[in-house]
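> Have a look at this one before I ask anything.
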Amino acid sequence: MRVDYHRDSQGTGATDSTLSSASLPGEYVIVDAGIEQLRIHHYDAAGSVIGRQLLPTAGDLRKALLASPLFSSSQPCPVYITGKLAEVARNALGYGEVLLPTAALWTQAQTLIARPENSHLDSLAIIDLSASGYLVLGIDRDGELKNDLLTVNPRCGAGSGVNIDRVLQKLAMKRDSVDQLLARFLGETGKEARDKVTVRADRCGVFSSSATISDKNQGIPLDTALAVTLKSEVMKVVKKVPAGFSRVYLTGGVFAWQYTRECAADYFRSIGINDVCHDSEQAFYLEGVRRLIEQIGSGNFAQPETRLRKRPLPGEYPAFRALHQQYESAHLYQRLTQAPLRERSAAEIMATPVVLGLDVGSTMAKLVLADAASGEPFFIDSYSNAGDTIDTLKSIFRALQAKGINDLRIAQVGITGSARYQVQETLGQIYPQLKGRVQVLVENYAHARGSIEQAREHIEWAVRTPSSPPCR
């Protein structure tokens, strides 16, 4: 059986070589188990790479691993596993030695600084920024930590590539099109534009997606909005490296883009570090493990003692239906029902002075029409805002026309949502007669004002209703 080894998603490092499932003495396999993919290298007895493979982490990991002849052979090679999901990959495969990612990267840093061509370096730092978070490591000439620089942040969303992927998904962009979109920020000709890109705190982790979409919805050019997000994510990590290092290496999926690498290099030049290199093959962890195998030897790595671990008992949580019944019976839950809207004909709507309310957010847009005299709402609808906000606005009015509502007697307009200012400006340009009648309110205040009456009603209900002791 033979398998074609695929060129990786960034088009670097992998070859189109093939490999038989039969292994030779001394061969071994190293797996870098990341959040998004498994990066696998097959080595011969001399430590040279003879095959590469990428496998997606999502889905049935065991099935994906056993589909590879590297792991399906009756006499498989020894396997060494590192990375965020090393334990998961080890359990899926059923065998293999697990090594800490920190140990692998530290060993690779020592290997790099010991190379003859790097004899002029007195120190170096490595930054790994990927879907699982970041790891920053700095060593001196002797391979010891410099300035105690060892920072691992595998859980916090801030500065992790998984949040950047969420941004790209919402923008319907492929990873390989990012640098194309940001072309005016690239290279020496784009440095001035790159320097003007601001770094914003609202791009922190899980908020980066909504903040980027909010910028787009407010009319900020898409390339600028994305440039701000990427630079903000990168700067949070690179600033952990202080001045005084001779060289900095960049690795991890986030640095696959030229724009992010150049943002990092710009910062390091500003603090006197002019030597910045990129691990284009994304092989630092794999090569670090290879070096550890040479130093320590197969079978000599301390492994977690699973017998000492308490096996967690499988937990079963109550169904939402059961919780609903439980809380209702204890008078701890009440759902406020929406009163049905009184139907009005299109002619009646067009003859009635109305207040038009718009909530235009990053994914949805909602419209409410209410009687300007009584405040009674008589039309409520929602629309997708996945694309251009102005197109969404047009579709809202086209939907009204489809119901026979061709004119509106607008007394006031209220706008909220992340695209509020863009919508306000657009309505002002198209309908100048609305000047002075358009109000804008930030989402938090709009939500509070819109729900205050229901909150009062709920408190009154809770006071009137005898409740059972709280459920525990």
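The values are calculated or read from the model by the stated rules, or taken from the named source; none is laboratory data. Keep in mind that this is a model prediction, so the values were computed, not measured. Here the Cβ positions follow ideal geometry from the backbone for every residue, glycine too, while neighbour counts run over all protein chains shown.
> Across segment 148-165, what is the number of residues that are at pLDDT 60 or above, surrounded by 14 or more Cβ atoms within 10 Å (Cβ to Cβ) and either in contact with a Phe, Trp or Tyr (Cβ under 9 Å, 6 or more places away or on another chain) or on the phi > 0 side of the Ramachandran plot (or both)?
6
> Out of all the residues in segment 339-369, which are closer than 30 Å to Leu171 by Cβ and surrounded by 14 or more Cβ atoms within 10 Å (Cβ to Cβ)?
Matches in segment 339-369: Leu356, Gly357, Leu358, Asp359, Val360, Gly361, Ser362, Met364, Ala365, Lys366, Leu367, Val368.
> Same structure again: When the residues of segment 377-402 are filtered to those that are in a helix (DSSP H, G or I) and among the polar types (S, T, N, Q), which remaining residue is farthest from Arg166 (Cα to Cα)?
Gln401
> Can you tell me which condition Thr363 does not meet? The list is (1) among the β-branched types (Val, Ile, Thr); (2) over 30 Å from Arg90 (Cβ atoms); (3) not assigned by TED's automatic domain parsing to the domain that holds Gly414, and all the others hold.
(3) is the only condition that Thr363 fails.
Each row is one residue, and each column tells you yes or no for (1) under 22 Å from Glu192 (Cα atoms); (2) modelled with pLDDT under 95; (3) outside any helix (DSSP H, G or I).
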site: Ala225; (1), (2), (3): yes, yes, no
site: Glu262; (1), (2), (3): yes, no, no
site: Arg290; (1), (2), (3): no, yes, no
site: Glu316; (1), (2), (3): no, yes, yes
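> It is to be established whether one or more residues within segment 112-122 are closer than 18 Å to Val238 by Cα, surrounded by fewer than 18 Cβ atoms within 10 Å (Cβ to Cβ) and either outside the structural domain of Thr212 (by TED's automatic domain parsing) or hydrophobic (A, V, I, L, M, F, W, C) (or both).
no
> Then there's this: Going through Phe245, Phe301 one at a time, which residue ends up being over 17 Å from Ile126 (Cα atoms), touching a residue at least 12 places away in the same chain (Cβ under 8 Å) and in a loop (DSSP other than H, G, I, E, B)?
Exactly one of Phe245, Phe301 is over 17 Å from Ile126 (Cα atoms), touching a residue at least 12 places away in the same chain (Cβ under 8 Å) and in a loop (DSSP other than H, G, I, E, B), namely Phe301.
> Quick one: which helices (runs of 4 or more DSSP H) sit completely within segment 47-102 and have at least 2 residues that are free of Cβ contacts under 8 Å to residues at least 40 places away in the same chain?
Here the list reads 61-66, 86-93.
> How many residues, within segment 449-465, are surrounded by 12 or more Cβ atoms within 10 Å (Cβ to Cβ) and not basic (Lys, Arg)?
6
> Turning to a different aspect of this structure: Among the residues in segment 306-316, are any surrounded by 10 or more Cβ atoms within 10 Å (Cβ to Cβ) and not charged (D, E, K, R)?
No; the residues of segment 306-316 include none that is surrounded by 10 or more Cβ atoms within 10 Å (Cβ to Cβ) and not charged (D, E, K, R).
> Kindly indicate which of Cys263, Cys277 is surrounded by fewer than 24 Cβ atoms within 10 Å (Cβ to Cβ) and over 16 Å from Val49 (Cβ atoms).
From the options Cys263, Cys277, the qualifying one is Cys277.
> Going by the conditions given, is Leu168 modelled with pLDDT under 85 and in a helix (DSSP H, G or I)?
yes
> Within segment 403-441, how many residues are hydrophobic (A, V, I, L, M, F, W, C), surrounded by fewer than 18 Cβ atoms within 10 Å (Cβ to Cβ) and either assigned to a helix (DSSP H, G or I) or without any contact (Cβ under 8 Å) to a residue 12 or more places away in the chain (or both)?
Residues flagged as hydrophobic (A, V, I, L, M, F, W, C), surrounded by fewer than 18 Cβ atoms within 10 Å (Cβ to Cβ) and either assigned to a helix (DSSP H, G or I) or without any contact (Cβ under 8 Å) to a residue 12 or more places away in the chain (or both) within segment 403-441 amount to 2.
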